[in-house]
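So the structure is just underneath, and the comments pick up after that.
The values are calculated or read from the model by the stated rules, or taken from the named source; none is laboratory data. Keep in mind the model is a prediction, meaning the values are calculated, not measured. A quick note on method: Cβ atoms are made from the backbone with ideal geometry, for glycine too, and the neighbour counts reach across all protein chains shown. Note: accessible area is taken over every heavy atom of the protein model, side chains too, but ligands, DNA and RNA are not part of it. Shrake-Rupley method; radii C 1.70, N 1.55, O 1.52, S 1.80 Å.
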Amino acid sequence: MASTAASTVSRSAIPTDLRLIRYDHDQRWMWMRRTRTLFPWTRNGTAIVSVSASASSLSTNQITRDDSRLNIYQEVVKSAREKFTEEISFQSKDKDISLAKALLYIAAEDEAFLAFNREMDARSLINERRTASVPVDEQEWDCVEQMPLAGKNITRWLSELDAIAKEVEAELVSRDIGCHFVEVLDAVNVVLFELRGFKRSPVVVDSKYSYLHTVLSTGCGSAILLSIIYIEVCRRLSLTIVGSRVGEDFLIWPQTGNLEELFKVTSGHSLFAIVNGRCVEDPRSKASDLTSNSLLGLEIATKRDIIGISLANLIRLHWKRASRSNHGLMLTSPLRHVHVADEKHNMIHSSTVPLLRPRDLRLAIMASERLLILQPHNWALRRDHGMMLYYNREYGKAVQELSICMAFAPEEEAEILEPFVEKLHLLRLESSWKSMGHAGHLTVP
């Protein structure tokens, strides 16, 4: 009995700032935590798990396996970020970057983060209900390459793109035609949009349709993800597809000087419209004004640009979900309040920071971190990243990011940021003051 008690950890023994986040309670703790890590339930890289002696119906071996799984999730998050960074490294030529690999590493990191949280929620449920039984899937993988995403690992999803390309080749063979780019594009359209039933979601509100493996498994996704699949399939067929942002849309076409055939209308639609969707034929879209001549004048997006567009979409979707209970809240909303003349409204306090959904906010921050790897000198992006850290109560990091932003931002933008950063610095000091057990507000002469 004594050995059992010694081998378990009571909830009261876990420091307040290391306990589990739950949506249904402990929200106050979320904003009081002092440890600012991706996984606030860890110490020195090791998962801390609350299992009371009286509640523990799990065997020692089961607990050991669960601890191992938590540590694997943490390792996958770290490894996926490293491999993403390596894939898009500026030391590599843009043509050598794999869009599919980069996006699958993004998905692996986010899924591992969510899996870790689900596991910790299950642990909390067991501890709270004492006799609760939570099914746990057997885990037979231990690295990012083997982690299942919708039932397949990264290698198998890459093979899925290979399989689509082979279906296109079979379609061309069945027609007994050559490999002119028009015939290839037509065959790709048949396989993707007719045989496999891929379709663009006109308005993406669920972030899962902005992850490559989800689009490949469901056949439904954002326009940029469908374009990426199109690019990857054609690359496997030795046909280079390029793209460019036009207004709010991202359009793709084959890299060739003879583009007139793309705009020939057959069966009511041009090939260019079939490839890019309804936006090309929507008179409200800038894409509807394009011709073969104007297409040649567009700035071609690099693969890094395309990955950046995908990440920007993830930031927008995760932020929107995180702030859903605060209708109309914008990342930059606090910057306006700092300039209000009334001193009572001119202060920012930790109590006035809106409560957001913590996991969705963290996913938005993770996407922003990746985008900053691609665009380190983008002052607007760094400003938004700093503001997300502010909303997440990571005041020290927010001050650092916003201070860096001010060095790159236009003078008028820096003037807006400066008073906010000064007050945020005081808020950080006050937060540290209270964390040391002092009461009241920290006054600065």
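The residues of segment 154-303 expose, per residue, 49 Å² of accessible area to a 1.4 Å probe.
Each Lys or Arg adds one and each Asp or Glu subtracts one; over the other residues with Cβ under 14 Å from the Cβ of LEU172, this totals -3.
Considering only THR302, GLY257, LEU237, the residue lying farthest towards the positive end of the dipole of segment 154-303 is THR302, judged by Cα position with unit charges set on Cβ. Computed with a 1.4 Å probe on the full set of protein chains, the accessible area for THR266 sits at about 90 Å².
Each of LYS320, LYS83 has its accessible area taken with a 1.4 Å probe; listed largest first, they run LYS320, LYS83. Summarising the overall dimensions of segment 154-303 from its C-alpha atoms, the Rg and Dmax are 14.9, 42 angstrom. Distance between the pseudo-spin-label points of SER288 and VAL205 (7 Å out from Cα toward the beta carbon): 2.5 nm. Shown is the FRET efficiency for ASN326 and CYS143, computed with R0 = 56 Å from the Cβ-Cβ distance and rounded to the nearest 0.05: 0.90. For segment 236-339, a Kirkwood hydrodynamic radius built from all Cα pairs, placed in the Stokes-Einstein relation at 10 °C and 1.306 mPa s, yields a translational diffusion coefficient of 97 µm²/s.
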